[in-house]
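I have placed the structure first, in the form of structure tokens, so that the comments after it can refer back to it.
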Amino acid sequence: MAETNDHLRWEITADARPGEAGVAIVSVLGKNAMAPEVAFDMQVDWHPGAEAADVEGRALIILSLLFKELADECERVAGERFERG
């Protein structure tokens, strides 16, 4: 695996707090040299007996999948624009 450029390396935090019954609000904060702050609040299922760390981890995995889809779409749209000149 290629080493990540320091400008692209992220520092991530996540904090889960109870929302409506069975739901958590997970606040995710990301920082790097190019994006001083990117913040999201997500709703994630909070099953009975689950620890906050489990809910935060689930939110981070979901967010990573969403960002992969976003990155793919950005690449597709950028390619179309480059082709048009």
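Every number in this text was worked out from the coordinates using simple rules, so none of it is lab data. Quantities reported herein were computed from a predicted structural model and do not represent experimental measurements. We place every Cβ from the backbone using ideal geometry, glycine too, and count neighbours over all the protein chains shown.
Length, then width, then depth: along the principal axes, the Cα atoms of the chain run 53, 27, 25 Å. Near R17, once Lys and Arg are set to +1 and Asp and Glu to -1 for all other residues with Cβ below 11 Å from its Cβ, the sum equals -3. For region 1-47, relative contact order (Cα pairs under 8 Å, six or more residues apart, normalised by length) works out to 34 percent. Select from L63, V44, A78 the residue farthest towards the positive end of the dipole of the chain; place +1 on Cβ of Lys and Arg, -1 on Cβ of Asp and Glu, and compute about the Cα centre. Farthest towards the positive pole: A78. In the chain, Cα pairs under 8 Å separated by at least six residues give a relative contact order of 22 percent.
The largest-to-smallest principal axis extents of the Cα set in region 1-48 are 42, 25, 10 Å. Net charge dipole, the chain: roughly 160 debye, given to the nearest 20, about the Cα centre with Cβ charges of +1 for Lys and Arg and -1 for Asp and Glu.
Mean residue ellipticity at 222 nm, helices only, the chain: -14000 deg cm²/dmol; runs of at least 4 DSSP H residues each add -39,500 (n - 2.57), and the sum is divided by the number of residues.
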